[in-house]
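These notes concern the structure reproduced below.
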Amino acid sequence: MNRQIQTIAELDRVIHEPGRLMLVALLFAVERSDFLYLQHETGMNKGTLSSHLSRLEEAGYVEVEKTYRGKVPQTLLRLTPAGRKAFEQYRRQLRGAL
Amino acid sequence: MEQIESLLNRPKAYYNIDGVGELAGGFMCLGFALLMWLQANAPKESAWHGMPVFIIYMGSLCLILHYGPKAIKKHITYPRTGFVQYRARDSRWLPAILSAVVAAAVSAGVAIALRGHWNLTTPASLMGLLFAASYAYGFARTVRWKWAVVCVVALGSLVIAANPAALVGSLADHSWQGAFILIMTLYGVVLSVSGGISFWLYLRHTEPPAPEAQ
């Protein structure tokens, strides 16, 4: 198989999905953010965003922390070291394939 | 790939989504301009020339600049468009060394110019053009209407350079500080107006969400 095609085939499918790719890229650039910020930046609805975040959490890429801002519930999200590593590798592979 | 890189830059641009970064910058420049003007025009025996007043003034300015934007973010921005905690820089040494080198170069330039009794209107205006370029890189790349701000700063700097040195110096008892007071006032006013417009647009286009939405 062509090496470039093989690289594309080896891309991390959890990250490669466009919605999740947006989330991982946004979280990669910050220490942590809340659910509302991700919703605002991506334009996703709550259901879609929750579903993508659950998938990333299952893969061990995102850490979810439920807390309160005053009396208002707040969901804080952070990319785990494994998530950072996976995203860096994804970028390297994509660059190599293009 | 470019889209991914642009996504990685979005959190940086988010810091000034409400114009608070510019408002803080404008406040700082106006604060410096006011202090320089007071020191240049107050009588020699005035408290404005004393160290205690200088420390109190600068301390108050720093406190407002530190806590003001934080308060706006906490009470207005985060409830509307979300909270972001930025990553600490991997290396604090490089920016610190760069800042020290730039500060030393500027100080040396001013000292040489003063010794030679040069006209400082031109260097101050060149600083303005440099400021316009860094503003274009930092803010105008992401928000198109802010190119108008870049043009105003660049034009304003050229107008200051074109003015007779005596006229500019008259702002500060005919001393070299006149050009810097003028350029600092220009930055301060432009940044405050631009930040104010951004803040107004932000409030207009965003609503605080219902508590359960967060």
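Brief remarks on what is shown
- Any hit, the stretch A:45-62, residues being of a type in the set (A, V, I, L, M) and more than 12 Å from the chain's Cα centre (by Cα): no
- Wholly within the stretch A:2-98, helices (runs of 4 or more DSSP H) carrying at least 3 residues that are loosely packed, with under 15 Cβ neighbours inside 10 Å: A:3-9, A:46-58, A:81-97
- Residue match in the stretch B:195-212 (condition: in a helix (DSSP H, G or I), at pLDDT below 80 and closer than 30 Å to residue A:34 by Cα): yes
- Criterion violated by residue B:155 - all others in (1) modelled with pLDDT of 70 or more; (2) under 22 Å from residue B:21 (Cβ atoms) satisfied: (2)
- Selection status of residue A:53, touching a helix residue (DSSP H, G or I) at 6+ places or on another chain (Cβ under 9 Å) and in contact (Cβ under 8 Å) with a residue 24 or more places away in the chain: yes
- Test: residue in the stretch B:175-185 that is in a helix (DSSP H, G or I), modelled with pLDDT of 85 or more and under 13 Å from residue B:34 (Cα atoms): yes
- Tallying residues that are over 11 Å from residue B:180 (Cα atoms) and in a helix (DSSP H, G or I) within the stretch B:35-46 yields 5.
- Residue B:6 meets all of the listed conditions (1) open to solvent by less than 30 Å² (accessible area, probe 1.4 Å); (2) of a type outside the set (Val, Ile, Thr); (3) under 28 Å from residue B:141 (Cβ atoms) but one, namely (1).
- Meets criteria (without any contact (Cβ under 8 Å) to a residue 24 or more places away in the chain, within 28 Å of residue B:141 (Cα to Cα), surrounded by 14 or more Cβ atoms within 10 Å (Cβ to Cβ) and touching a Leu at 6+ places or on another chain (Cβ under 6 Å)) for residue B:26: no
- Here residue B:52 meets each of (1) assigned to a helix (DSSP H, G or I); (2) in contact (Cβ under 8 Å) with a residue 40 or more places away in the chain; (3) more than 14 Å from every other protein chain (Cβ to nearest Cβ) with one exception, condition (2).
- The number of residues in the stretch B:11-21 that are outside any loop (DSSP other than H, G, I, E, B) and either open to solvent by less than 30 Å² (accessible area, probe 1.4 Å) or in contact with a helix residue (DSSP H, G or I) (Cβ under 6 Å, 6 or more places away or on another chain) (or both) comes to 4.
The values are calculated or read from the model by the stated rules, or taken from the named source; none is laboratory data. On a predicted model such as this, the values are computed, not experimentally measured, just so you know. All Cβ positions, glycine included, derive from the backbone under ideal geometry; neighbour counts span all protein chains shown. When the accessible area is computed, the model is the full protein with side chains, heavy atoms only, and any ligands, DNA or RNA have been set aside. Shrake-Rupley method; radii C 1.70, N 1.55, O 1.52, S 1.80 Å.
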